[in-house]
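> First, the structure itself, so that you have it in front of you.
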Amino acid sequence: TGSAEVAKRDAERLARVLALVEAGKVCSPAAHYDAALVLQHSRSPDHHKSAHAFARFAADHGHPAARWLAAASWDRWHVSRGLPQFFGTQLVRNAPTEPWCLVSMDPASTFEARDAWGMRPMAEMYARVLKMNDRSDLPATEAVVTELGYICAPKAWE
């Protein structure tokens, strides 16, 4: 599937979800989760904020996967506005020729806060960014990832 096809399908899904939201048809925790999943894939910070609200509702009402989505949509909302992330879920690539990088973390983020939301240890995110840059041979530590330039400052999405 080409990127143009994916973008078209994503736009159609987004339009459908926004229509359902407008019509008041997003009622169950599962529907909130599904809406959040689509909204967080948008390029709009407003949609990311809504995605977080929908995911929080789903999580608060027992949807099993919604806690992770609430955290990821929170991070995406912040990163898309040029702010550091809190949970460590967002990797970006500023151009096809540039490496993937982990967006820098909010200094207030702690293991305990991340763990309370069911987030994986940061070492797993370090391993992920190393793998995405074909550097899985290196230790998955903050020092290594930082030295390679795989941690980047947040940049607002245009």
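> If one computes the Cα centroid of the range 88-136 and of the range 33-48, what distance in Å separates the two points?
First find each Cα centre; the distance between them is then 20 Å.
> Would you please put 3-14, 32-43 in order of how densely packed they are, using the mean number of other Cβ atoms within 10 angstrom per residue and starting with the highest?
Working: 3-14: 11.2, 32-43: 21.2.
In descending order of packing, they fall as 32-43, 3-14.
> All other residues with a Cβ under 11 Å from the Cβ of M105 taken together, and with Lys, Arg as +1 and Asp, Glu as -1, what is their net charge? Please list the in-between numbers first.
Working: positive: R114; negative: D75, D106, E142.
Here the charged neighbours net out to -2.
> Still on this structure, please answer the following. Find the all-direction average of the projected area of the Cα convex hull for the chain, expressing the result in square nanometres with one decimal place.
Values: hull surface 40.2 nm².
Over every viewing direction, the Cα hull of the chain projects on average to 10.1 nm².
> Would you mind checking the tilt of helix 3-22 against the longest principal axis of the Cα atoms of the chain, expressed as 0 to 90 degrees and rounded to 10?
The angle comes out near 50 degrees.
> Quick check on the range 80-144: take the gyration tensor over C-alpha atoms, sort the square-rooted eigenvalues as a ≥ b ≥ c, and tell me if it's rounded (a/c under 1.5), prolate or oblate. Mind showing how you got there, number by number?
On the way: a/c = 2.36, a/b = 1.29, b/c = 1.83.
Here the range 80-144 falls in the oblate category.
> Specify the angular offset, from 0 to 90 degrees and rounded to the nearest 10, of the alpha carbon long axis of helix 66-80 from the longest principal axis of the alpha carbons in the chain.
Approximately 70 degrees, to the nearest ten.
> So, one more: First measure r as the distance between the Cβ atoms of H41 and E98, then evaluate 1/(1 + (r/R0)^6) with R0 = 25 Å and state the FRET efficiency to the nearest 0.05. The partial results should precede the final answer.
Details: r = 21 Å, r/R0 = 0.86.
In this case the efficiency is close to 0.70.
> Using a Gaussian network model of the chain with C-alpha springs under 10 Å, which one of M122, M132, M105 is most mobile by mean-square fluctuation?
M132
> Give me the net charge for the shell around D134: Cβ to Cβ below 15 angstrom, other residues only, Lys and Arg +1, Asp and Glu -1. Before the final figure, lay out each step's value.
Values: positive: R93, R128, K131, R135; negative: E98, D137.
Spelling it out: positives minus negatives among the neighbours equals +2.
> Can you give the local net charge around H52? Use residues other than it whose beta-carbon is closer than 10 angstrom to its beta-carbon, Lys and Arg +1, Asp and Glu -1. Present the calculation step by step, with values, prior to reporting the outcome.
Numbers: positive: K49, R56, R76; negative: D75.
Here the count lands on +2.
> May I ask you to give the solvent-accessible area per residue for the chain, in square angstrom, as obtained with a 1.4 angstrom probe?
With the other protein chains kept in place, the chain gives 58 Å² per residue.
> Provide the gained length on full extension for the span E112 to K25, in nm with one decimal, where the gain is 0.36 nm per separating residue minus the Cα-Cα distance.
Numbers: separation 87, 0.36 × 87 = 31.32 nm, distance 3.59 nm.
The E112-K25 span can extend by a further 27.7 nm.
> Name the residue farthest towards the positive end of the dipole of the chain from the options Q90, A36, P139, assuming +1 on Cβ of Lys and Arg, -1 on Cβ of Asp and Glu, about the Cα centre.
Of Q90, A36, P139, it is A36.
> Continuing with the same structure: Could you look at the chain and say what percent of its accessible area is carbon and sulfur, using a 1.4 Å probe and all protein chains?
Working: 5050 of 9140 Å².
C and S fraction of accessible area: 55 percent.
> Under the rule of -39500 (n - 2.57) per DSSP H run of 4 or more residues, summed and divided by the residues of the chain, what mean residue ellipticity at 222 nm is obtained, to the nearest 500 deg cm²/dmol?
Values: 7 runs with 85 residues, N = 158.
Result for the chain, helices only: -17000 deg cm²/dmol.
The values are calculated or read from the model by the stated rules, or taken from the named source; none is laboratory data. Worth saying up front: this structure is predicted, and the values here are computed from it rather than measured. In this analysis, Cβ positions are derived from the backbone assuming ideal geometry, glycine residues included, and neighbour counts consider all displayed protein chains. SASA here: full protein model, heavy atoms, side chains in, ligands and nucleic acids out. Shrake-Rupley method; radii C 1.70, N 1.55, O 1.52, S 1.80 Å.
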